[in-house]
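Readers should treat all values here as calculations from the given coordinates under stated rules, not as data from a laboratory. Computed from a prediction, not measured in an experiment: that's the story for all the values here. Glycine also receives a Cβ, built like all others from the backbone with ideal geometry; neighbour counts cover every protein chain displayed.
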Amino acid sequence: MKVWIAQPLRSYTQQKSHVEAAGATLRELLADLERQFPGIRFRMIDEQDRVRRHMRVFANGAPVEDLATPLAPGDEVHILQALTGG
Amino acid sequence: MAAAALALLVATRKGAWILRGDADRRRFALDGPHFLGHELHHVVLDRRDRRTLLAAAKTGHLGPTVFRSTDAGRTWKEASQPPAFRKARDGEDGRAVDHVFWLEPGHASEPGVWYAGSSPEGLFRSENGGDAWEPVAGLNDHPRNAEWMPILKVGTPDGPILHSIQVDPRDPRHLYVSMSGGGGGTWESVDGGSDWRPLNGGHLALFQPVPYPEYGQDPHCVRLHPLAPDVLWMQSHCGIYRLVRPAETWERVGDNMPREIGDIGFPIVLHPRDPETAWVFPMDGTDVWPRTSPGGRPAVYRTRDAGKSWQRLDGGLPREQAWLTVRRQAMTGDARDPVGLYFGTTAGEVWGSRDEGASWSCLARHLPQIHAVETAELDA
């Protein structure tokens with residue numbers, strides 16, 4: 001499926017704004033991203049599997065936080081940066 | 001030592017800079033920015049190989065990590081396993097590292113060992129030069145952890161922190177850490193971090209219902225003397241203290257500071273050879289605690305007699321209307337003779353002295369808010 005990558009994470013994706021990754025759940029998708037782009041997962045998901053405070057994940061346009069959220073081929077996932085201070 | 005070049009590792013809220021000094025420390029050239037836009041809390045040299053640097057980083061959006069350089073800051077690579085707490089058990093409120101605050105090389109006999117302190121309070125250890133980190137369970141999961149490191153948002157403006165990791169040069173298993181947060185205070189381990197106990201006798205906590213509690217103080221910076229490792233100095237939220245082990249009661253040597261200046265501040269710097277000499281940078285702790293130079297007249301204060309007397313050192317510093325704030329990691333010294341001293345301000349200036357604090361000059365300005373300044377004698 002197509003995964004949009006927030007700008008602050010693109011140092012991990014060779015500056016690609018979107019990448020292809022697979023997984024039946026958000027957890028599996030993140031594992032595939034980590035396999036392809038080592039280090040990317042911990043910058044957006046903490047060690048308790050919580051989406052970090054200033055990151056947002058959307059699946060097909062709907063916000064998701066639970067890593068058990070099911071995904072299907074053809075879904076579109078956006079990993080975005082939330083607002084933060086200056 | 002003769003072949004080494006002195007550099008200052010400046011960690012700021014918006015990146016890191018390396019000030020590379022000439023042979024006699026007169027001029028420093030700015031190298032950077034490194035990690036522009038990343039918040040750097042500490043950049044530290046591995047003084048055992050004089051080549052490896054570690055940098056504690058996060059950004060406004062991204063989680064915490066550690067970057068490593070094995071070529072004195074020319075190139076950087078991210079740690080493969082940054083410091084992180086263990087996964088919470090069912091029903092447990094799990095902790096997550098917000099940022100790595102303090103980096104400390106391990107004992108000389110343990111090359112590759114590093115320690116890291118975090119916010120919220122946590123201690124982490126690496127055995128491979130800072131590439132992969134593991135939580136130190138003896139502290140992070142201590143049976144008294146809920147008292148010592150409660151999950152509270154209180155602490156410094158950047159959150160509760162574990163800092164001032166000190167390794168006894170005589171014994172790699174003898175460690176000290178300090179915390180500013182929900183619990184707070186100084187702790188000691190004599191078994192490599194498996195068990196810990198508070199070491200806070202005589203240390204005042206004005207903000208607690210009991211003024212001298214077992215723990216709950218706010219040590220801002222604790223330093224162990226490298227050549228006299230029984231001697232510990234502390235700049236606290238509530239004064240300047242000194243402790244000579246095996247004693248367990250800190251002595252408030254800041255009572256000997258001039259009354260109008262007080263003994264509040266953040267950093268404390270020790271003379272690399274003389275355990276009776278130390279420098280502090282007093283902050284205004286009156287009224288609502290402005291935490292700026294008292295009276296707008298910045299000065300370093302030095303003692304040469306273990307805190308019995310203090311001398312004002314302000315040559316070259318602004319004479320008036322200079323409201324400087326220097327954070328706990330933002331003042332340091334080199335090991336040369338005479339000792340060079342350096343501090344960075346929250347307004348982005350770096351000041352240096354080549355004569356043990358007698359005279360000062362501004363080495364850099366217009367940098368972002370400075371969190372930390374460390375010296376590095378680089379072989380490269």
Of the residues in segment A:33-50, those that are of a type in the set (A, V, I, L, M, F, W, C) and out of contact with any helix residue (DSSP H, G or I) (no Cβ under 7 Å at 6 or more places or on another chain) come to A:37, A:42
Exactly one of B:102, B:187, B:148, B:133 is closer than 22 Å to residue B:208 by Cβ, surrounded by 21 or more Cβ atoms within 10 Å (Cβ to Cβ) and touching a residue at least 60 places away in the same chain (Cβ under 8 Å), and that residue is B:148
Result of the Cβ filter at 6 Å on segment B:321-346, keeping first residues that are under 19 Å from residue B:224 (Cβ atoms) and partners that are among the acidic types (Asp, Glu), at least 6 apart or interchain, is B:332/B:374; B:339/B:356
For segment B:136-145 the number of residues that are closer than 18 Å to residue B:217 by Cβ and either free of Cβ contacts under 8 Å to residues at least 24 places away in the same chain or in contact with an Asp or Glu (Cβ under 7 Å, 6 or more places away or on another chain) (or both) is 2
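When you check residue A:57 against the structure, is it touching a residue at least 40 places away in the same chain (Cβ under 8 Å) and either buried (at least 19 other Cβ atoms within 10 Å of the Cβ) or aromatic (Phe, Trp, Tyr) (or both), yes or no?
Working: touching a residue at least 40 places away in the same chain (Cβ under 8 Å): no; either buried (at least 19 other Cβ atoms within 10 Å of the Cβ) or aromatic (Phe, Trp, Tyr) (or both): yes.
For residue A:57, the condition - touching a residue at least 40 places away in the same chain (Cβ under 8 Å) and either buried (at least 19 other Cβ atoms within 10 Å of the Cβ) or aromatic (Phe, Trp, Tyr) (or both) - is not met.
Within segment B:310-364, track down each residue that is among the aromatic types (Phe, Trp, Tyr) and surrounded by fewer than 22 Cβ atoms within 10 Å (Cβ to Cβ). I'd like the intermediate steps shown before the answer.
We begin by selecting, within segment B:310-364, every residue among the aromatic types (Phe, Trp, Tyr); these are B:310, B:323, B:342-343, B:351, B:360.
Within segment B:310-364, just B:323 meets the criteria.
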### Message
Tell me whether segment A:26-49 contains one or more residues that are more than 9 Å from every other protein chain (Cβ to nearest Cβ), within 26 Å of residue B:92 (Cβ to Cβ) and assigned to a strand (DSSP E or B).
### Response
no
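Considering every residue within segment B:90-99, establish whether at least one is outside any loop (DSSP other than H, G, I, E, B) and closer than 30 Å to residue B:145 by Cα. Give the steps one after another, and end with the answer.
Taking segment B:90-99 first, the residues outside any loop (DSSP other than H, G, I, E, B) are B:99.
Filter once more, keeping what is closer than 30 Å to residue B:145 by Cα: B:99.
There is at least one residue in segment B:90-99 that is outside any loop (DSSP other than H, G, I, E, B) and closer than 30 Å to residue B:145 by Cα.
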Residue B:68 passes all but one of the listed conditions (1) more than 14 Å from every other protein chain (Cβ to nearest Cβ); (2) within 24 Å of residue B:161 (Cβ to Cβ); (3) outside any loop (DSSP other than H, G, I, E, B); the exception is number (1)
The residue that is farthest from the other protein chains (Cβ to nearest Cβ), considering only those in segment B:106-120 that are outside any strand (DSSP E or B) and touching a strand residue (DSSP E or B) at 6+ places or on another chain (Cβ under 8 Å), is B:107
When restricted to B:123, B:103, B:139, the only residue assigned to a strand (DSSP E or B), away from chain A (no Cβ under 14 Å), of a type outside the set (Lys, Arg) and over 20 Å from residue B:13 (Cα atoms) is B:123
**Message:** With the structure loaded, tell me whether residue B:46 is more than 11 Å from every other protein chain (Cβ to nearest Cβ), surrounded by fewer than 21 Cβ atoms within 10 Å (Cβ to Cβ) and either among the acidic types (Asp, Glu) or in contact with a Leu (Cβ under 7 Å, 6 or more places away or on another chain) (or both) or whether it fails that test.
**Reply:** no
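In segment A:73-86, what count of residues is obtained for those that are among the hydrophobic types (A, V, I, L, M, F, W, C) and in contact (Cβ under 8 Å) with a residue 60 or more places away in the chain? If you could, list the steps in order and put the result at the bottom.
Restricting attention to segment A:73-86, the residues satisfying the condition of being among the hydrophobic types (A, V, I, L, M, F, W, C) are A:77, A:79-80, A:82-83.
Still in the running and in contact (Cβ under 8 Å) with a residue 60 or more places away in the chain: A:77, A:79-80.
Matching residues across segment A:73-86 total 3.
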Picked from segment A:1-25 (must be under 14 Å from residue A:69 (Cβ atoms) and without any contact (Cβ under 8 Å) to a residue 60 or more places away in the chain), the residue nearest to the other protein chains (Cβ to nearest Cβ) is A:25
